[in-house]
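Peer 1: This is the structure, below, for whatever I ask next.
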Amino acid sequence: MSGLSPLALPGAAVIGGGPAGLIAAEILRGAGVEVDLFDAMGSVGRKFLVAGKGGLNLTHAEPFAPFAARYREREEAVAAWLRRFDADALRAWARDQGVDTFVGSSGRVFPNDRKAAPLLRGWVRRLREEGVRFHVQHRWTGWTAEGALHFDTPLGPREVRAGATLLALGGGSWPQLGSDAGWVPWLEAAGIEVAPLQPANCGFDIGWSAHFAERHAGAPLKPVVLHWTDGSGQARQLQGECVVTATGIEGSAIYAIGADLREGIARDGGTDLQLDLVPGRDIDRLQRDLARPRGKRSLSEHLRRAAGLDPVRIGLLREVGGADALHDPARIAVLLKRLPLRLRRPRPMDEAISTAGGVRLEALDAGLMARRRPGVFCAGEMLDWEAPTGGYLLTACFASGIVAAEGMLAFLKQPRTPAEPVSEHAVPPALG
Ligand SMILES: Cc1cc2nc3c(=O)[nH]c(=O)nc-3n(C[C@H](O)[C@H](O)[C@H](O)COP(=O)(O)OP(=O)(O)OC[C@H]3O[C@@H](n4cnc5c(N)ncnc54)[C@H](O)[C@@H]3O)c2cc1C
């Protein structure tokens, strides 16, 4: 028994009120389409709000080509979305919402107030004023045998038919914010291929000793140079920042190379990473400085003075090289320039900032409509692309939301015969 009356929507159902769903609702409503937006949670945009805690890195100011290359294997597909809506367009959109942005020293773009809440509040208010109908506490649970959308609500189940549907359900990280990847089996059952979800922008476990973890978890390492081998066997290096965690290592530099590390672990059961803990310092000079007599100074004080080492770097030398290594200047110098770490596994998806994998782009057309499910579109992080932190995640969510909304507009405008109503009901029952 349905606790809520079924809905037959002439226009669009947008499921998922993250940035991808909200921007799609904006485009659809702006084109005069009736829009109903559903979200499982009691309010929309929770992950967007949490992103605000880190200052809301909306996008990045680097030129188009290197920007698009951040999406790795999906560079070409994402570049097509970005040609429709790029970093400048996102900044202009924010300005239209009354939120000016600035470019930080690393090229990352933030709202001037570095907050998400005012932007989200104003955005949702305007969408409501423009006529978007919000239905919170509506958890989509797939399609009925007849092809209607099925929702669980506090008042009981509800069936909805819409002219076109956007799924913008997010990935599988931080499930407490609403995106719990519950949709994976339902899409697979509908014949929409999904690449396995995996943690992205996450830490990696190394397995420190309890003593080291207790003393140094949370300590930043900046700057460091990471040395690793990429998927094609190329030796690579990157300067950046990371943080020692209770179980291993994380931070923006780790996120930037996380896909290579994750793939290396999947392939070989573990992967090697070397840290240059003293970038810019020459190994011979280091050796000479460390070999100077230390007199009455403690070992830690000697290492601090001779090589500028802080407690976490000294701790790493001891943890990786053993206590004896600290008495051998040549060995210390080698360890400082190439500290070898063995990464065992990525941290669980729940903890990751984002998710790799998702709806395969090959299962969608250029307007992001499911080839096997006409009238059903997908956008945002639930699609199979990944990118490092730096504003690339939100930018691709916005851009794909806009591309999908425009695909929906084109679909809704298609002439249909009376026998073929504008409804997902037109989908063959075999796919239902
Ligand atoms: C801690 C943290 C910090 C971040 N910081 C940044 C940053 O600074 N810059 C950046 O670019 N990116 C950042 N991100 C990533 C970014 O927030 C996400 O990539 C982005 O929010 C994804 O947008 P989306 O619209 O695809 O999905 P989401 O924002 O995840 O929204 C999906 C929505 O779908 C709803 N939903 C899911 N399943 C169902 C269902 N079955 N029925 C109904 N509704 C459902 C959810 O409740 C949710 O509201 C951060 C992420 C985290 C976790």
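The values are calculated or read from the model by the stated rules, or taken from the named source; none is laboratory data. Predicted model, so just to flag it, every value in this text is computed and none were measured. Every residue, glycine among them, receives a Cβ derived from its backbone with ideal geometry; neighbour counts consider all protein chains shown.
Peer 1: Check every one of the strands (runs of 3 or more DSSP E) wholly within segment 33-117 and list those with 1 or more residues that are modelled with pLDDT under 95 and touching a helix residue (DSSP H, G or I) at 6+ places or on another chain (Cβ under 9 Å).
Peer 2: Strands (runs of 3 or more DSSP E) meeting the threshold: none at all.
Peer 1: Give the residues of segment 381-390 that are under 15 Å from residue 47 (Cβ atoms), touching a Phe, Trp or Tyr at 6+ places or on another chain (Cβ under 9 Å) and of a type outside the set (Val, Ile, Thr), sorted by residue number.
Peer 2: 382
Peer 1: Oh, and also: All but one of (1) more than 8 Å from the ligand (Cβ to nearest atom); (2) of a type in the set (Gly, Ala, Ser); (3) under 26 Å from the mean Cα position of the chain (by Cα) hold for residue 178, so report the exception by its number.
Peer 2: (1)
Peer 1: Additional query: Quick one: is residue 100 surrounded by fewer than 22 Cβ atoms within 10 Å (Cβ to Cβ) and within 16 Å of the ligand (Cβ to nearest atom)?
Peer 2: no
Peer 1: Something else about it: Where in segment 302-410 are there strands (runs of 3 or more DSSP E), lying fully within it, with 1 or more residues that are closer than 26 Å to residue 237 by Cα and away from the ligand (no atom under 16 Å from the Cβ)?
Peer 2: Per the criteria, 339-343.
Peer 1: Do you know which residues across segment 278-309 are under 35 Å from the mean Cα position of the chain (by Cα) and in contact (Cβ under 8 Å) with a residue 12 or more places away in the chain?
Peer 2: Those that are under 35 Å from the mean Cα position of the chain (by Cα) and in contact (Cβ under 8 Å) with a residue 12 or more places away in the chain: 278, 279, 281, 309.
A quick yes/no check of all residues on (1) buried (at least 22 other Cβ atoms within 10 Å of the Cβ); (2) in the same structural domain as residue 383 (by TED's automatic domain parsing); (3) within 18 Å of the chain's Cα centre (by Cα); (4) within 13 Å of the ligand (Cβ to nearest atom):
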{"residue": "35", "(1), (2), (3), (4)": "yes, yes, no, no"}
{"residue": "41", "(1), (2), (3), (4)": "no, yes, no, yes"}
{"residue": "50", "(1), (2), (3), (4)": "no, yes, yes, yes"}
{"residue": "54", "(1), (2), (3), (4)": "no, yes, yes, yes"}
{"residue": "58", "(1), (2), (3), (4)": "yes, yes, yes, yes"}
{"residue": "62", "(1), (2), (3), (4)": "no, yes, no, no"}
{"residue": "73", "(1), (2), (3), (4)": "no, yes, yes, no"}
{"residue": "80", "(1), (2), (3), (4)": "no, yes, no, no"}
{"residue": "89", "(1), (2), (3), (4)": "no, yes, no, no"}
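Peer 1: Further question: I'm told residue 7 meets every condition in (1) buried (at least 18 other Cβ atoms within 10 Å of the Cβ); (2) within 7 Å of the ligand (Cβ to nearest atom) except one. Can you identify the failing condition by its number?
Peer 2: The number of the failed condition is (2).
Peer 1: Just one of (1) in contact with a Ser or Thr (Cβ under 6 Å, 6 or more places away or on another chain); (2) crowded, with 21+ Cβ neighbours inside 10 Å trips up residue 375, so point out which.
Peer 2: (1)
Peer 1: Show the residue pairs meeting these rules: Cβ distance below 9 Å; 6+ apart or different chains; first residue within segment 346-373 and free of Cβ contacts under 8 Å to residues at least 24 places away in the same chain and of a type in the set (D, E, K, R); second residue part of a helix (DSSP H, G or I) and surrounded by fewer than 24 Cβ atoms within 10 Å (Cβ to Cβ).
Peer 2: Note: pairs meeting the criteria are 371/362; 371/363.
Peer 1: Also: Take residue 128 and decide whether it is of a type in the set (Lys, Arg), loosely packed, with under 14 Cβ neighbours inside 10 Å, closer than 16 Å to residue 14 by Cα and at pLDDT 95 or above.
Peer 2: So residue 128 fits the description; yes.
Peer 1: I've got another one for you. Within segment 241-260, how many residues turn out to be within 15 Å of residue 342 (Cα to Cα) and either in contact with a Cys (Cβ under 9 Å, 6 or more places away or on another chain) or of a type outside the set (A, V, I, L, M, F, W, C) (or both)?
Peer 2: Of the residues in that region, 8 qualify.
Peer 1: Look through segment 333-371, keep the residues that are of a type in the set (Gly, Ala, Ser), within 30 Å of residue 24 (Cβ to Cβ) and surrounded by 19 or more Cβ atoms within 10 Å (Cβ to Cβ), and return whichever of them is nearest to the chain's Cα centre (by Cα).
Peer 2: Only one residue fits best here, namely 354.
Peer 1: Name the one entry in 299, 326 that is buried (at least 18 other Cβ atoms within 10 Å of the Cβ), over 30 Å from residue 178 (Cα atoms) and of a type outside the set (S, T, N, Q).
Peer 2: 326
Peer 1: Follow-up. Search segment 385-402 for residues that are within 10 Å of residue 355 (Cα to Cα) and small (Gly, Ala, Ser) and pair each with any residue that is within 8 Å of the ligand (Cβ to nearest atom) and part of a helix (DSSP H, G or I) when their beta-carbon atoms are under 6 Å apart and the residues are at least 6 apart or on different chains.
Peer 2: Listed by first residue and then by second, the contacts come to 387/393.
Peer 1: Kindly check whether there is at least one residue in segment 15-27 that is outside any loop (DSSP other than H, G, I, E, B) and more than 12 Å from the ligand (Cβ to nearest atom).
Peer 2: Yes; the residues of segment 15-27 include at least one that is outside any loop (DSSP other than H, G, I, E, B) and more than 12 Å from the ligand (Cβ to nearest atom).
Peer 1: Another one. When both residues are 6+ apart or on different chains and their Cβ atoms are under 6 Å apart, which pairs have a first residue that lies in segment 15-44 and is more than 19 Å from residue 149 (Cα to Cα), and a second that is within 11 Å of the ligand (Cβ to nearest atom) and aromatic (Phe, Trp, Tyr)?
Peer 2: 19/48; 19/398; 23/398
Peer 1: So which pairs qualify, if the first residue must be in segment 91-107 and within 23 Å of residue 388 (Cα to Cα), the second must be β-branched (Val, Ile, Thr) and assigned to a helix (DSSP H, G or I), the Cβ gap must be under 9 Å, and the two must be at least 6 apart or on different chains?
Peer 2: Partner pairs satisfying both residue conditions: 93/23.
Peer 1: Wholly within segment 193-259, which strands (runs of 3 or more DSSP E) include no fewer than the required count, namely at least 1 residues that are touching a Ser or Thr at 6+ places or on another chain (Cβ under 6 Å) and touching a residue at least 24 places away in the same chain (Cβ under 8 Å)?
Peer 2: So the answer is 194-200.
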